[in-house]
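Here's the structure, in structure tokens; my notes come after.
Derivation of every value follows stated rules applied to the coordinates shown; laboratory data play no part. As the structure is a computational prediction, the values presented were derived from the model and not from experiment. Here the Cβ positions follow ideal geometry from the backbone for every residue, glycine too, while neighbour counts run over all protein chains shown.
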Protein chains: 2
Amino acid sequence: MDADVRFMKEALKEARKAFLKDEVPVGCVIVKGGKVIARAHNQREGRQDATAHAELLCIKKACKKLGSFRLNGCELYVTLEPCPMCAGAIINARVERAVFGAYDPKAGCCGTLYDLLGCGKFNHTLKAVGGVMEEECSDILKRFFAEKRRAQRELNCLTKGDG
Amino acid sequence: MDADVRFMKEALKEARKAFLKDEVPVGCVIVKGGKVIARAHNQREGRQDATAHAELLCIKKACKKLGSFRLNGCELYVTLEPCPMCAGAIINARVERAVFGAYDPKAGCCGTLYDLLGCGKFNHTLKAVGGVMEEECSDILKRFFAEKRRAQRELNCLTKGDG
């Protein structure tokens with residue numbers, strides 16, 4: 001199996017963990033020398049922390065594991081295109097390569113709204129590869145938001161009933 | 001005294017703490033209702049964590065304090081123009097207003113290289129005010145890097161002496 005697909009499947013496992021915790025299902029793994037050295041999923045709601053995106057948490061774990069703020073030779077796999085915060089963290093950590101699944105028209109900063117990783121303006125530049133297992137990565141997000149909307153509709157009906 | 005100057009002085013106190021720990025001296029405070037609710041300084045080297053910039057740490061603390069990932073009605077003061085990661089975190093946390101001291105030609109994303117906060121592409125837009133106490137905020141950084149260079153020169157001399 002293609003290495004990118006293999007590691008994106010690992011990132012999807014993390015996204016599923018987020019789904020089960022009622023978090024927007026985004027998962028991330030960081031790979032060095034062909035091995036996963038850190039894994040994390042979005043925990044913004046549970047922690048009530050605006051910085052607790054999957055990539056941020058994963059980069060923190062990888063830094064701790066390697067004992068360095070420089071993730072030289074590391075590849076990052078994430079199920080959704082990184083937002084500006086996470087793209088910036090990828091640059092700051094000097095990640096060598098970033099691979100994402102679904103494109104994000106609302107906040108994607110690895111080609112969609114901006115190309116922060118590849119623009120050459122910062123002290124570290126890298127290439128992002130998008131669309132790996134795009135359908136699976138996108139489907140879990142669609143399912144999550146469909147469930148949220150259904151729950152909201154049910155709540156609205158109940159509230160109407162109360163009135 | 002002007003409120004922006006008053007709070008930037010608080011951010012500078014944090015930058016000085018970073019200086020004393022041999023960290024790039026950047027400090028940040030978050031203000032709500034005229035009161036400082038969180039303060040932090042850069043700790044990238046000490047923690048060996050690429051995400052441990054002053055703003056990121058300060059936003060995490062403010063979220064914890066308010067019990068919410070949304071920092072509605074909050075103002076952020078930082079001594080150096082935020083990088084893409086920190087500008088993204090400011091957007092994600094829905095900070096109402098951002099004020100910075102020195103401009104950053106290498107990574108500044110609040111007007112210098114990009115204007116991520118004000119561009120209107122994301123789900124939250126805010127205005128950044130730059131140049132508040134610019135000289136003081138810039139001076140502490142210049143002193144830090146001058147000391148670093150001097151120490152490096154001395155090390156080079158010693159190493160030559162060894163040869």
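What the table shows:
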item	result
Test: residue in the range B:131-152 that is farther than 26 Å from B:Phe19 by Cα and either surrounded by 16 or more Cβ atoms within 10 Å (Cβ to Cβ) or within 16 Å of the chain's Cα centre (by Cα) (or both)	no
Test for A:Glu81: is it under 22 Å from B:His53 (Cα atoms), surrounded by 24 or more Cβ atoms within 10 Å (Cβ to Cβ), under 16 Å from the mean Cα position of the chain (by Cα) and of a type in the set (Asp, Glu)	no
Residue satisfying all of: in the range B:91-119; under 22 Å from B:Phe69 (Cβ atoms) and of a type in the set (Gly, Ala, Ser); nearest to the other protein chains (Cβ to nearest Cβ) among these	B:Ala93
Filter result for the condition that a residue is at the interface with chain A (Cβ under 8 Å from one of its Cβ atoms) and over 18 Å from A:Lys60 (Cβ atoms), over B:Leu71, B:Leu76	B:Leu71
Conditions (1) under 19 Å from A:Val129 (Cα atoms); (2) in contact with a strand residue (DSSP E or B) (Cβ under 9 Å, 6 or more places away or on another chain); (3) not basic (Lys, Arg); number of the one not met by A:Ala62	(1)
Residues of the range A:21-56 satisfying the condition of being surrounded by fewer than 24 Cβ atoms within 10 Å (Cβ to Cβ) and either within 12 Å of chain B (Cβ to nearest Cβ) or touching a residue at least 60 places away in the same chain (Cβ under 8 Å) (or both)	A:Glu23, A:Val24, A:Gln43, A:Arg44, A:Glu45, A:Gly46, A:Arg47, A:Gln48, A:Asp49, A:Ala52
Conditions (1) small (Gly, Ala, Ser); (2) in contact (Cβ under 8 Å) with a residue 60 or more places away in the chain; (3) surrounded by fewer than 24 Cβ atoms within 10 Å (Cβ to Cβ); number of the one not met by A:Gly101	(3)
